[in-house]
Protein chains: 2
Amino acid sequence: MTVPRRSDATRAAILEAARERFAAEGYERATIRSIARDAGIDPSMVMRYYGNKEGLFAAASEIDLRLPDLGALPATHMGAVLVSHFLDRWEQDDVLTGMLRVGVTNEAGAERMRSVFRAQLGPIAAGVCPDPADAPRRAALAASQILGMALARYVLRLPPAVEMSREEVVAWLAPTVQRYLTAEEP
Amino acid sequence: MTVPRRSDATRAAILEAARERFAAEGYERATIRSIARDAGIDPSMVMRYYGNKEGLFAAASEIDLRLPDLGALPATHMGAVLVSHFLDRWEQDDVLTGMLRVGVTNEAGAERMRSVFRAQLGPIAAGVCPDPADAPRRAALAASQILGMALARYVLRLPPAVEMSREEVVAWLAPTVQRYLTAEEP
DNA sequence: TCTGTTGGTCAACGCTTGTTGGCAACGGTA
DNA sequence: TACCGTTGCCAACAAGCGTTGACCAACAGA
């Protein structure tokens, strides 16, 4: 489909630098100049390849949560699997921290988070919760707990949240998430 | 102690405008010029009274969660009272949304959130959880759920989280928060 | 070998930002 | 009345921003 171009390496370097800067500093403070410097090229190249700063952000913030298929595993383990998966993703990929940073201050970032939520978390919830009609609500509840922990642990760095072990976090959060997704009543 | 000054009204106007701007736009996008315009004075006045932008932010982001005394009420209602209280605070006072916005992108803002957490939520947790030694961890867990819901509902505006009624949110979150604070084991 | 396309740099633009210092009006106090 | 600290506005500063267009070097196809 798309032919490989001589500039692919540069484009990739720009994207990687952009992801890191957006993740570390948020939308406003991550400047095109600093991203270009990280990528070792001229700022004008960023403009040529991605149009403008918003376009660069859009390209740099493509997100795949890589959610596992929950239908295949016993309902009793679902919470633990989900929480554990999210901790993994968050610790390996700083695009997620970036998404959080940008989603909070920038409307385009918020919209990006809403669409990721809708397209990737929604279907999962629909597959496992008792009444598919309120799957979105269940998904939002689960998201609130998972995002909240990510916020406390990886962005705000509240000391007790940082010091907890992975296992502790999973042990505490799993029942919560599982209840949000599968319980018949609050 | 402090004598009333002729400029008190101006100072207050600046602070109020600053709170609104920081809450609505975050630290970087809330400019001194826009704050001064809202307050109906010259930008240089902001500098004279608050030194610089960081000083203004520090003054504008004094936060009192006004947490109720949980010791006085039955343990079974604790979660509901807490969640309900936070929803109230968040809906009445946009400084809290501002704190969240700024805490995510700005290190001074994050430190402010950590200190509010330590000074105001910590003691409450210490008073009600079984082993005071792990009160900070309990408090962090409760905070993660409450902040996560605030994030989803008031900042990111995930549609299902916005559409839920106050009562629904309380009904779902209360057992979670209560478990984090008082349960013997995860 | 010539020619058109692509990858890249350089210098500048217009604008906004936080911040500064000078200067005029006001308001108590002596 | 004369004075002095306070309050406020104005104009400007240097720096940084996103963005643009001219220009050069390397390549690919004829």
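Readers should treat all values here as calculations from the given coordinates under stated rules, not as data from a laboratory. A quick note: this is a predicted structure, and the numbers were derived from the prediction, not measured. We place every Cβ from the backbone using ideal geometry, glycine too, and count neighbours over all the protein chains shown.
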Springs between alpha-carbon pairs under 10 angstrom, Gaussian network model over chain B: which of B:P159, B:P68, B:P130 fluctuates most? B:P159
Relative contact order of region B:20-63, pairs being alpha-carbon contacts under 8 Å that are 6 or more residues apart, as %: 24 percent
Burial ranking of peptide ranges A:39-51, B:114-126, A:96-108 (average Cβ count within 10 Å, highest at the top): A:96-108, B:114-126, A:39-51
Closest to the A-onto-B rotation axis, which residue of chain A has its Cβ, and how many Å off the axis is it? A:G148, 1
For chain A, what relative contact order do you get, as a whole percent, if you take Cα pairs closer than 8 Å and at least 6 residues apart? 23 percent
From DSSP H assignment alone, runs of 4+ in the protein assembly as shown each adding -39500 (n - 2.57), the sum over residues rounded to the nearest 500 puts [θ] at 222 nm at -21000 deg cm²/dmol
Under the rule rounded for a/c under 1.5, else prolate if a/b exceeds b/c, else oblate, using alpha carbon gyration tensor axes a ≥ b ≥ c, region B:74-159 is classed as oblate
Rounded to the nearest Å, the spacing of the alpha-carbon centers of region A:19-65 and region B:1-67 is 32 Å
What percent of all Cα-Cα pairs in region B:1-136 falls into each 10 Å bin, going from 0 up to the bin containing the maximum distance? 11, 35, 29, 17, 8, 0
With the crude spin-label approximation of a point 7 Å out along Cα→Cβ, what separation in nm comes out for A:Q120 versus A:E16? 2.1 nm
Based only on other Cβ atoms within 10 Å, what is the fewest-to-most ordering of A:V83, B:V155? B:V155, A:V83
